[in-house]
Amino acid sequence: MVVSDLPDMAQRLWSPAFAEALRCRLEEGAYGAVQAEGIEMARYLRLVPPERSIYDAHNAEFLLQARLTSMSSAAASLYSRLQWRRLERFERQAVRDSRLTLAVSHHDANQLLALAGPGANVRVVPNAVEVAAYPFRASSPHVQPNLLFLGKLDFRPNVEALAWFIPEVLRALESARLFAVGAAPPRWLVEAGQRDQRIAVTGYVADERPYFARSAALVMPLRTGGGSRLKALVAMASGLPIVSTRLGMEGLDAEPEVHYLVADSAMDWIATLQRVFGDPELRERLACNARALVERHYDWAAIRADVQVAYAWLT
């Protein structure tokens, strides 16, 4: 049995047929550059001449795995430690071998530069949303104490966040209800929703906006992870206040008490959510400030110049 030295994420979307099709297209020569979207596609860049390769780093993946080593169970931590070292080697090579690497935040860019060393070309292009697609909805004076968690539910940082949040925080807020919205919920979460009517597990939904309208806040109790949160941007565009750990909003140019509320311990979470439920002026202020921030810095139109500057390095 051959044991690969590649991280699992580099093998997840590997297809010999796709690789052969890519080789054939490259031989035609009619292209300016090849851009790999995320670590799962970065392996294909090994087929591309370095001067024409772009690695779009959706996260600093090695950092995410490093954080998971200290937050997981013993078995999961061992897996993360093994993957962390493999990801370090793989991601370092991807950044070094690419003519250009795109990072979603200055924090991630600094991490990737430190990983790859001198000579790496890393440029920041923030994540963005089409703000006009999310009509701003001002908070009503009286809201139901509904909370929204949004994200892929087979993503370990999201699963671990909910596994902590439900027993530590939600159980203490007797009138609150949680919408867990996202694809591939784990079995334990589905069963929790079946036992407790205050937990609604939806699975994948084509449009999250109806849940924004029904919720008092987006909760982001993330204790591991990296990158920049698209779910935060769509909530900010929609006028839904956010309560998050500091890590949950990492990578975004948002300030606590101005654009969102920060909570880390269970006691902080309980007190902060009660504050959100009972203070319509606070909800309105956070919503208006967050919408203005997204319009200014995280709309597609706002980042167009960043994209143009980044790609100019290819010439």
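Suppose all protein chains stay in the model; what accessible area per residue would a 1.4 Å probe give for region 93-142, in Å²?
Values: 2390 Å² over 50 residues.
I get 48 Å² per residue for this part.
Which GluC sites (Glu not before Pro) in region 87-151 pass both tests, a DSSP loop state and at most 16 other beta-carbon atoms within 10 Å? Provide the component values of the computation, followed by the final result.
Numbers: sites: Glu88, Glu91, Glu130; in loops: Glu130.
Passing sites in region 87-151 are Glu130.
Sort Lys231, Lys152 by heavy-atom solvent-accessible area, probe 1.4 angstrom, most to least. Could you put the intermediate results ahead of the total?
On the way: Lys231 35, Lys152 130 Å².
Most to least solvent-accessible, the answer reads Lys152, Lys231.
When the accessible area of region 111-258 is computed with all protein chains present and a 1.4 Å probe, what percentage of it is carbon and sulfur? List each step's numbers first, then the result.
Numbers: 3160 of 6210 Å².
C and S atoms contribute 51 percent here.
Below 8 Å between Cα atoms, with a sequence gap of 6+, how large is the relative contact order for region 186-315 in percent? Working shown, then result.
Values: 135 pairs, mean separation 26.4, N = 130.
Computed over region 186-315, the figure is 20 percent.
For Asn110 and Glu51, what does the FRET efficiency come to when R0 = 25 Å and r is the distance between their Cβ atoms, rounded to the nearest 0.05?
Efficiency for this residue pair is about 0.55.
Only Cα pairs under 8 Å and at least 6 apart count here; give the relative contact order of the chain as a rounded whole percent. Mind showing how you got there, number by number?
Values: 550 pairs, mean separation 53.8, N = 315.
Relative contact order comes out at 17 percent.
Which angle between 0 and 90 degrees, to the nearest 10, do you get for helix 300-312 versus the longest principal axis of the chain when only C-alpha atoms count?
With both axes taken from Cα atoms, the answer is about 20 degrees.
Looking at the chain as a GNM with Cα springs under 10 Å, which of Thr272, Thr245, Thr224 has the largest mean-square fluctuation?
Per the Cα network of the chain with a 10 Å cutoff, Thr272 tops the list.
Any idea what the relative contact order of region 21-155 is, in percent, if you count C-alpha pairs under 8 Å spaced at least 6 apart?
Details: 157 pairs, mean separation 25.8, N = 135.
Result for region 21-155 is 19 percent.
Go ahead and set up a Gaussian network model of the chain, Cα springs under 10 Å, then flag whichever of Met267, Met41, Met220 fluctuates most.
So, out of Met267, Met41, Met220, the one fluctuating most is Met267.
Counting helices only, and only those DSSP H runs with n ≥ 4, report the 222 nm mean residue ellipticity of the chain as the sum of -39,500 (n - 2.57) divided by its residues, in deg cm²/dmol to the nearest 500.
Numbers: 12 runs with 144 residues, N = 315.
So the helix-based figure for the chain works out to -14000 deg cm²/dmol.
Need the C-alpha centroid separation for region 1-36 versus region 218-295, integer Å.
Centre-to-centre (Cα) distance: 38 Å.
Largest first, how would Trp313, Trp269, Trp84 line up by accessible area (1.4 Å probe)? Write out the running numbers ahead of the final one.
Details: Trp313 110, Trp269 0, Trp84 45 Å².
From most exposed to least exposed: Trp313, Trp84, Trp269.
To the nearest 10 square angstrom, how much accessible area does Tyr31 have with a 1.4 angstrom probe?
50
Can you find, among Val276, Phe62, Ile242, the residue sitting farthest towards the positive end of the charge dipole of the chain, where Lys and Arg contribute +1 and Asp and Glu -1 at Cβ?
Most positive-ward Cα: Phe62.
Based on Cα positions only, what radius of gyration and what Dmax would you give for region 192-315, in angstroms?
16.4, 59
What length, rounded to one decimal in nm, is gained on full extension from Arg137 through to Asp268, with 0.36 nm per residue of separation minus their alpha-carbon distance? Let's see the in-between values first.
Working: separation 131, 0.36 × 131 = 47.16 nm, distance 2.67 nm.
Going from the current span to full extension adds 44.5 nm.
Using only the heavy atoms of the protein chains and a 1.4 Å probe, how would Phe155, Phe179 rank by accessible area, largest first?
On the way: Phe155 75, Phe179 5 Å².
Of Phe155, Phe179, the descending order of accessible area is Phe155, Phe179.
Using a 1.4 Å probe on the protein heavy atoms only, what accessible surface does Phe18 show? Give it in Å² to the nearest 10.
Approximately 100 Å² for this residue.
Apply 1/(1 + (r/R0)^6) to the Cβ-Cβ distance of Arg12 and Glu281, taking R0 = 30 Å, and write down the FRET efficiency to the nearest 0.05.
Numbers: r = 46 Å, r/R0 = 1.55.
With a Förster radius of 30 Å, E is 0.05.
Mind ranking 132-138, 47-53 by how tightly packed they are, going by the mean number of other C-beta atoms within 10 angstrom, highest first? Mind showing how you got there, number by number?
Numbers: 132-138: 13.7, 47-53: 15.4.
Top to bottom by mean Cβ count within 10 Å: 47-53, 132-138.
Go ahead and collect, in residue order, the members of region 241-278 whose backbone nitrogen is under 11 Å from a label point 7 Å along the Cα-Cβ direction of Gln144.
Answer for region 241-278: none.
Using a Förster distance of 22 Å, how high is the FRET efficiency between His297 and Val258, based on the Cβ-Cβ distance and rounded to 0.05? Mind showing how you got there, number by number?
Details: r = 14 Å, r/R0 = 0.62.
According to the calculation, E is roughly 0.95.
Using 20 Å as the cut-off for backbone N distance, which residues of region 203-219 belong to the label zone defined by a point 7 Å from the Cα of Glu168 along Cα→Cβ?
Within reach of a label on Glu168: 217-219.
Using the alpha carbon gyration tensor of the chain, what are the three equivalent-ellipsoid semi-axes (square root of 5 times each eigenvalue), largest first, in whole Å?
Details: eigenvalues 264, 111, 58 Å².
Semi-axis lengths for the chain are 36, 24, 17 Å.
The values are calculated or read from the model by the stated rules, or taken from the named source; none is laboratory data. What you see is a predicted model; the values in this text were computed from it and never measured. Cβ coordinates were reconstructed from backbone atoms using ideal geometry, including for glycine residues, and neighbour counts include every protein chain displayed. The protein model used for the area step is the full one, side chains on, heavy atoms only, and it has no ligands, DNA or RNA in it. Shrake-Rupley method; radii C 1.70, N 1.55, O 1.52, S 1.80 Å.
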